[in-house]
Amino acid sequence: MVSAMSAAGPMIAYREFARRDGCDESLVRRAVRSGALPRLPGRQLPADLVGTAWRAGNAAALEVQLSPPTDGGLAAAEREREIALARLRQRQLQQRLEEWTDVAQVLECWSFIRETCTSQITGLGATLRHVATEHDQIRLRALVRDTVHDTLTRLASAELIPTLEDPRPPEDVGDHATTLVAKTAKTKAIAGLRQLELAIAEGRVLHLAAWERGFGDRLSNLRDRLLSWESGLPPLLLGADASVQGRAIESAVHDVLQMLPEEMPAVGADDRHAHADAARGSTATARAAKDRKRTPGRRKAASA
């Protein structure tokens with residue numbers, strides 16, 4: 001502690017003292033309140049104290065905080081609490097990151113899916129032009145069916161969902177981490193959660209469940225449309241000339257490709273929002289039913 005006897009030489013304000021000593025003014029004020037610096041009239045300090053050991057007490061206190069306690073007392077309990085909180089926030093952040101993905105990555109996936117399906121379906125149309133020369137209705141239908149199934153098999157074997165970039169997990173907090181390290185990790189994890197919430201609000205990320213659901217429904221509809229060719233195409237092809245057959249196949253291929261627009265279709269809300277909407281709908285339905293039950297009673301009372 002610096003005693004008041006050291007108050008010799010020119011006096012300077014707290015702000016100027018902090019500037020000369022290279023620290024924040026709030027640190028100087030705390031030192032005055034704690035007695036590390038003398039409390040003198042006029043909220044001033046001796047200029048001779050600049051650069052002295054008045055900050056040594058703060059450094060010693062920080063050193064105590066950084067070193068793991070060995071007595072198992074309150075400091076140890078606080079350290080264990082901070083480590084547990086840091087791990088909890090990190091686990092929450094990791095789980096949330098695994099549920100969401102960047103919209104730019106999803107757009108790249110959709111472009112890949114569209115290119116792959118377009119290539120396979122266009123090739124299917126070219127193959128059907130050769131199959132259309134068959135004049136037996138049963139054989140023509142079987143050839144169309146086999147050709148469509150071969151295309152669907154190739155699509156099923158293709159990697160239509162490229163692996164999305166996995167979020168990098170935060171660095172785990174060890175059992176022997178200091179209080180300061182644990183607090184820093186906890187703060188970083190909380191900041192990551194807030195950043196994710198901001199990205200959701202700004203539409204920069206997409207819920208993976210919604211993407212997979214929308215993508216699966218679209219591919220399922222595309223598969224059903226292709227399977228319908230087995231019964232729908234042969235009547236248009238059988239006995240027709242090559243130009244009519246070509247137009248029929250081209251029209252069928254065009255209709256399927258329309259299900260794969262260049263711009264990725266919009267997807268629905270994530271499961272959490274869907275459950276919330278369903279809950280609100282159920283509540284509203286129950287409230288309406290309750291009101292309907294009350295209405296006859298009111299009418300009866302009014303007529304009486």
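Of all residues in segment 96-105, those that are surrounded by fewer than 18 Cβ atoms within 10 Å (Cβ to Cβ) and closer than 24 Å to P261 by Cβ total 4.
Counting the residues of segment 99-156 that are outside any helix (DSSP H, G or I) and hydroxyl-bearing (S, T, Y) gives 2. Determine, yes or no, whether E262 is in a loop (DSSP other than H, G, I, E, B), at pLDDT 80 or above, surrounded by fewer than 13 Cβ atoms within 10 Å (Cβ to Cβ) and out of contact with any Cys (no Cβ under 9 Å at 6 or more places or on another chain). Yes, satisfied.
Residues of segment 190-208 that are in a helix (DSSP H, G or I) and under 21 Å from P261 (Cα atoms): L208 alone. Out of the residues in segment 71-95 meeting the condition of being hydrophobic (A, V, I, L, M, F, W, C) and more than 12 Å from A189 (Cα to Cα), tell me which one is surrounded by the fewest Cβ atoms within 10 Å (Cβ to Cβ). Here the answer is L74.
Residue-by-condition table, conditions (1) modelled with pLDDT of 85 or more; (2) under 28 Å from R79 (Cβ atoms); (3) loosely packed, with under 13 Cβ neighbours inside 10 Å:
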position: S3; (1), (2), (3): no, no, yes
position: S6; (1), (2), (3): no, no, no
position: A18; (1), (2), (3): yes, no, no
position: V28; (1), (2), (3): yes, no, no
position: P41; (1), (2), (3): no, no, yes
position: V64; (1), (2), (3): no, yes, yes
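The values are calculated or read from the model by the stated rules, or taken from the named source; none is laboratory data. Please read these numbers as outputs of a predicted model, since none were measured by experiment. Please note: Cβ atoms are built from the backbone with ideal geometry, for glycine as well, and neighbour counts cover all protein chains shown.
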